[in-house]
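The structure appears right after this line, and notes come after that.
The values are calculated or read from the model by the stated rules, or taken from the named source; none is laboratory data. All figures in this text were calculated on a predicted structure; none of them were measured in a lab. Because the Cβ atoms are built from the backbone with ideal geometry, glycine has one as well, and the counts that use them run over all protein chains shown. We work out accessible area using only protein heavy atoms, side chains counted, and drop any ligands, DNA or RNA first. Shrake-Rupley method; radii C 1.70, N 1.55, O 1.52, S 1.80 Å.
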Amino acid sequence: MAKLWAGRFGKETDLEVNDFNSSISFDCRLYKEDITGSMAHAAMLGKQGIIAKEESDKIIEGLKGILADIEAGKIHFSQDYEDIHMNVEQILTERIGDAGKRLHTARSRNDQVALDMRLYVKKEIVAIKKEIIDFMEALCESAKNNLETVMPGYTHLQRAQPVTFGHYMMAYANMMRRDVIRLENCLEGMDDMPLGSGALASTTYPIDRDFVRQQLGFARVTNNSLDGVSDRDYCVELTAALSILMMHLSRFSEEIISWCSWEFKFVELDDAFSTGSSIMPQKKNPDVCELVRGKTGRVYGDLFTLLTMLKGIPLAYNKDMQEDKEAVFDAIDTVKQCLRVLTPMFSTMQILKDNMKKAALKGFINATDCADYLTKKGMPFRDAYKTVGQLVAQCVREDKSLADLTLEEYKTHSDAFENDVYEAIDLKTCVRGRKVIGGPAPEEVTRQILVIEKFVSEHETV
Ligand code: ARG
């Protein structure tokens with residue numbers, strides 16, 4: 001098959017090179033962005049009189065037909081035309097003749113692919129945001145139903161202080177909020193239209209870049225043609241933001257995996273979101289969570305693929321940059337897939353409140369409150385801390401909890417203890433008392449939910 005550049009060449013491309021060079025197997029997913037960009041470019045060429053108006057109209061009609069046929073599954077792309085850009089141009093020329101050959105006037109595949117990727121990433125950021133927002137809504141819903149569900153909070157995976165399941169879920173909602181903001185910042189920072197950069201040095205034709213910008217819905221046009229074709233910062237920013245998001249989802253998954261174990265048994269996954277074992281009849285495994293945790297590595301890998309691919313290439317376009325696509329696509333696909341299973345898995349998961357309560361009653365998670373009790377009676381905190389440490393040591397020796405000690409026993413450690421100590425170390429009191437901003441008290445978590453719900457309603461996309 002004669003290449004577009006056959007004029008310059010005396011031989012056909014080696015078959016292995018042909019396959020090696022070709023990106024159509026993966027960049028075919030940019031067909032819509034490619035055609036949309038070409039339509040705006042053709043309209044501009046016609047408006048500026050760079051090509052005849054009739055030819056511009058013909059190109060746009062031709063491109064519309066190709067788009068419809070691709071979506072109807074009627075078009076087969078060919079490796080011989082290397083990538084989506086040349087495939088579309090080839091099909092267009094087959095269909096409308098000479099006018100098709102004028103489409104590439106004042107354009108290069110270098111600014112064309114830069115445009116396609118930006119359009120695609122912009123679209124996908126909106127789609128991913130929607131998935132995150134859905135997950136945030138599920139977290140808020142669960143938090144509302146678990147304002148009083150006391151559970152142990154941990155540090156070093158040791159029972160530490162009482163929180164509620166609602167409070168815990170809102171921690172993740174706040175992480176997701178930052179993920180949304182990071183994606184929005186990425187979108188805002190990449191909203192520059194690169195067409196007109198040409199191969200690297202722009203063009204001598206009297207193009208109207210701002211018209212194309214408006215047609216395609218960008219905020220700005222790129223400010224330097226060399227940078228316009230070389231910039232993939234937004235791909236790095238996107239995969240960095242997605243890596244952080246996956247790190248959050250992975251931590252969340254890790255918690256659920258622990259909580260599903262018999263050692264915790266805080267939650268039970270719905271049968272539809274668990275898997276069994278081929279040999280052990282009793283097994284119910286949290287495979288979804290393990291896969292989310294595992295797939296986090298892929299997305300980190302995608303980020304590093306991009307950073308490494310970009311670090312050594314001089315300006316302007318180099319073919320290395322074709323490698324941006326699979327990394328970006330993989331990160332986007334992986335994140336969407338993970339969120340789409342994680343949200344319904346979470347919403348259908350059973351919360352085993354009694355088991356959380358049982359765990360909360362063991363492990364002295366009210367010890368800080370016991371020390372605070374003495375402090376509020378006038379004892380310096382360090383002395384109170386030491387006194388309660390001795391009480392805890394006694395309880396450990398006698399296999400008791402703080403609530404099991406008699407007032408006499410308390411009094412042997414300090415005269416400040418009165419009957420109201422039992423109320424003070426009751427887990428409900430401990431949780432309700434932590435009503436400062438950020439704390440686990442039900443009224444405070446309700447406020448936290450309202451903040452997130454407001455954010456969600458302001459950042460929801462249709
Ligand atoms: N398929 C190429 C890519 O994805 C398009 C740009 C090719 N440009 C070039 N000068 N070979 O990067």
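All but one of (1) in contact (Cβ under 8 Å) with a residue 24 or more places away in the chain; (2) within 15 Å of Glu33 (Cβ to Cβ) hold for Gly65, so report the exception by its number.
(2)
Which residues, taken from region 56-102, are exposed (fewer than 15 other Cβ atoms within 10 Å of the Cβ) and part of a loop (DSSP other than H, G, I, E, B)?
Listed by number, the residues that qualify are Ala72, Gly73, Lys74, His76, Ser78.
Which helices (runs of 4 or more DSSP H) does region 369-462 wholly contain that include 2 or more residues that are in contact (Cβ under 8 Å) with a residue 40 or more places away in the chain?
On the way: elements: 381-398, 407-413, 421-424, 427-433, 442-459.
Passing ranges, in order: 421-424, 427-433, 442-459.
Which of the residues spanning region 190-219 are out of contact with any helix residue (DSSP H, G or I) (no Cβ under 7 Å at 6 or more places or on another chain) and among the charged types (D, E, K, R)?
Scanning region 190-219 gives Asp191, Asp192, Arg209, Asp210, Arg213.
Can you find a residue in region 136-158 that is open to solvent by less than 40 Å² (accessible area, probe 1.4 Å) and either aromatic (Phe, Trp, Tyr) or under 22 Å from Leu45 (Cα atoms) (or both)?
No, there is no match, as no residue in region 136-158 is open to solvent by less than 40 Å² (accessible area, probe 1.4 Å) and either aromatic (Phe, Trp, Tyr) or under 22 Å from Leu45 (Cα atoms) (or both).
Could you say whether any residue in region 189-198 is in contact with a strand residue (DSSP E or B) (Cβ under 9 Å, 6 or more places away or on another chain), outside any strand (DSSP E or B) and either surrounded by fewer than 16 Cβ atoms within 10 Å (Cβ to Cβ) or of a type in the set (Lys, Arg) (or both)?
yes
Tell me which of these Thr308 doesn't satisfy, since it passes every other one: (1) within 16 Å of the ligand (Cβ to nearest atom); (2) exposed (fewer than 15 other Cβ atoms within 10 Å of the Cβ); (3) outside any loop (DSSP other than H, G, I, E, B).
Checking Thr308 against (1) within 16 Å of the ligand (Cβ to nearest atom); (2) exposed (fewer than 15 other Cβ atoms within 10 Å of the Cβ); (3) outside any loop (DSSP other than H, G, I, E, B), the one that fails is (1).
Of the conditions (1) at pLDDT 95 or above; (2) touching a helix residue (DSSP H, G or I) at 6+ places or on another chain (Cβ under 8 Å); (3) not β-branched (Val, Ile, Thr), Asp19 clears all except one; give me its number.
(1) is the only condition that Asp19 fails.
Go through region 321-354 and count every residue that is open to solvent by 70 Å² or more (accessible area, probe 1.4 Å) and within 16 Å of the ligand (Cβ to nearest atom).
2
Determine whether Asp111 is within 16 Å of the ligand (Cβ to nearest atom) and buried (at least 19 other Cβ atoms within 10 Å of the Cβ).
yes
May I ask you to list the residues in region 69-91 that are under 21 Å from Ala42 (Cα atoms), hydrophobic (A, V, I, L, M, F, W, C) and more than 31 Å from the chain's Cα centre (by Cα)?
Across region 69-91, the qualifying residues are Met86, Val88, Ile91.
Of Leu15, Leu4, which residue is within 14 Å of the ligand (Cβ to nearest atom) and open to solvent by 10 Å² or more (accessible area, probe 1.4 Å)?
Leu4
Within region 74-108, how many residues are among the charged types (D, E, K, R) and away from the ligand (no atom under 14 Å from the Cβ)? Write out each step before concluding.
As a first pass, look at region 74-108 and keep what is among the charged types (D, E, K, R): 74, 80, 82-83, 89, 94-95, 98, 101-102, 107.
Add one more test, that the residue is away from the ligand (no atom under 14 Å from the Cβ), and what stays is 74, 94-95, 98, 101-102.
So the answer is 6.
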